[in-house]
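Novice: Handing you this structure, nothing more for now.
What follows draws every value from the coordinates through simple rules; no lab data is involved. Everything numeric here is computed off the predicted structure, so don't read it as measured data. Cβ coordinates were reconstructed from backbone atoms using ideal geometry, including for glycine residues, and neighbour counts include every protein chain displayed.
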Amino acid sequence: MNDLNQIEITVVTPTYNRGHLLENCYASLQMQTNPRFVWMIVDDGSTDGTDEVVSQWKLERKIEIEYFKKQNGGMASALNIALDRATTKYFAYIDSDDTLSERAIEMALEQLRGIEHDDSLAGILALRTNPDGTVLGGKLIPKNITRINLPRLGEMRIKSELIIFFKTDIIKQFRFPEIPGEKFITPAYIEYKVGEKHDFLVSGDTFCYCEYNDDGITKNIRSIIKSNPKGYTMVKRQSYELIKGVIPKSKHGIMFIAGSILSGDKNIVKNSPNKLMTLLLYPLGWLVSKIRFRDI
């Protein structure tokens with residue numbers, strides 16, 4: 001394994017009862033052409049023996065692993081622990097069912113070093129892909145765009161999933177809100193926060209492969225939103241405020257209203273960043289809250 005002083009990237013995986021999926025992620029990390037990373041696993045109170053599996057991997061000493069187990073509290077609290085503990089120059093998070101391409105760390109470090117002294121850039125951003133190489137979400141970032149932030153992606157209606165390698169000193173300025181009674185808020189919360197002051201360098205390289213599993217977030221997104229409406233509404237409020245253009249802003253406004261209704265907010269217009277538009281969109285937001293989530 002590496003001298004700890006040589007490690008440059010912390011790769012974080014929050015996980016809960018997905019020890020059976022971590023094996024593929026572990027295998028892909030062993031194959032990295034550049035080993036200057038640490039894999040930080042934050043176990044959100046798993047009861048499936050994840051701790052025993054990881055303990056065995058640590059004994060193998062094939063890659064540097066840090067493992068922290070916490071009381072079950074959700075992804076937001078797990079990522080906050082990772083942010084508190086990360087000491088490397090760069091920081092990325094991947095899901096337990098993700099795998100990295102063999103040159104992912106090597107390519108990321110090459111590109112990150114090129115923007116190390118550009119304070120306007122918070123890191124590099126790339127699209128996640130299916131194992132066959134097609135983009136998750138289906139829409140590519142135009143090749144003429146070399147730097148972008150999350151609000152701009154929203155304006156372009158690019159819903160493809162992302163992997164981001166952050167400069168740690170920038171992402172450490174933020175934390176995820178931990179909401180009583182809720183356990184999930186999308187990482188987009190911090191990505192929007194960073195995007196208020198910084199762009200990301202767009203990379204066309206393939207860093208991360210992902211498959212949708214039956215117990216994953218993507219396939220269960222509606223039930224996750226209904227169980228965590230306040231966290232969802234926080235993120236939608238960000239996008240509603242920051243995204244420009246009538247059509248994309250209206251779409252995010254409708255979902256902000258729907259999320260606010262699910263949250264039981266009695267002051268939706270007052271709490272909106274766009275009060276007049278919210279009044280106009282309210283009937284559509286109400287309709288979406290009743291139709292999209294009625295069977296969940």
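Novice: Return K167, K230 ranked ascending by Cβ neighbour count within 10 Å, so the fewest neighbours appear first.
Specialist: By the 10 Å Cβ count, ascending, the order reads K230, K167.
Novice: Which value in nm describes the separation of the simple spin-label points at D169 and N267, placed 7 Å from the Cα toward the beta carbon?
Specialist: 3.9 nm
Novice: Tell me what the chain gives for mean residue ellipticity at 222 nm when only DSSP H runs of n ≥ 4 count, each as -39,500 (n - 2.57), the sum divided by the residue total, rounded to 500 deg cm²/dmol.
Specialist: Helix-only estimate at 222 nm: -12000 deg cm²/dmol.
Novice: What is the chain's relative contact order, in percent, from Cα pairs under 8 angstrom and six or more apart in sequence?
Specialist: Normalised by residue count, the contact order of the chain is 18 percent.
Novice: If you don't mind, there's one more thing I want to ask. Within the set of other residues whose C-beta is less than 13 Å from the C-beta of V269, count the net charge using Lys and Arg as +1 and Asp and Glu as -1.
Specialist: +3
Novice: Taking Cα atoms, how many degrees apart are the long axis of helix 275-291 and the longest axis of the chain, rounded to 10 and kept between 0 and 90?
Specialist: In the chain, helix 275-291 runs at an angle near 70 degrees to the longest axis.
Novice: Just rank H20, H117, H198, H252, fewest to most, by other beta-carbon atoms within 10 angstrom.
Specialist: Fewest to most other Cβ atoms nearby, the residues stand as H117, H20, H198, H252.
Novice: Next up: Could you give me the percent of Cα pairs per 10 Å distance bin for the chain, shortest bin first, beginning at zero and ending with the bin that holds the maximum distance?
Specialist: Bin by bin from 0 Å, the calculated values are 6, 27, 36, 23, 8, 1.
Novice: Checking the a/c ratio against 1.5 first, then a/b against b/c, what shape does the Cα gyration tensor give for the stretch 21-93?
Specialist: Oblate shape, in that a/c is at least 1.5 and b/c is the bigger or equal ratio.
Novice: Report, to the nearest 10°, how far helix 19-30 tilts away from the longest principal axis of the Cα atoms in the chain, using its own Cα long axis and a range of 0 to 90°.
Specialist: That helix lies at roughly 60 degrees to the long axis.
Novice: Right, something else. If the limit is 23 Å between Cα atoms, which of K193/K275; K143/K236; K183/K226; K230/K251 go over it?
Specialist: Exceeds cut-off: K143/K236.
Novice: Still on this structure: Once amide H atoms are placed 1.01 Å from N in the peptide plane, what residues at a sequence separation of 5 or more from L162, or on another chain, have their amide H within under 5 Å of its amide H?
Specialist: For L162, whose amide H was placed from the backbone, the distant partners under 5 Å are R128.
Novice: Same structure, new question: Ranked by Cβ crowding within 10 angstrom, fewest neighbours first, how are I9, I141, I81 ordered?
Specialist: Sorted ascending by nearby Cβ count, the order is I81, I141, I9.
Novice: Lys and Arg at +1, Asp and Glu at -1: add these up for the other residues within a Cβ distance under 12 Å of A82 and post the number.
Specialist: Combined, the nearby Lys, Arg, Asp and Glu give 0.
Novice: Which of rounded, prolate or oblate describes the stretch 229-291 when judged by the alpha-carbon gyration tensor and an a/c cut-off of 1.5?
Specialist: rounded
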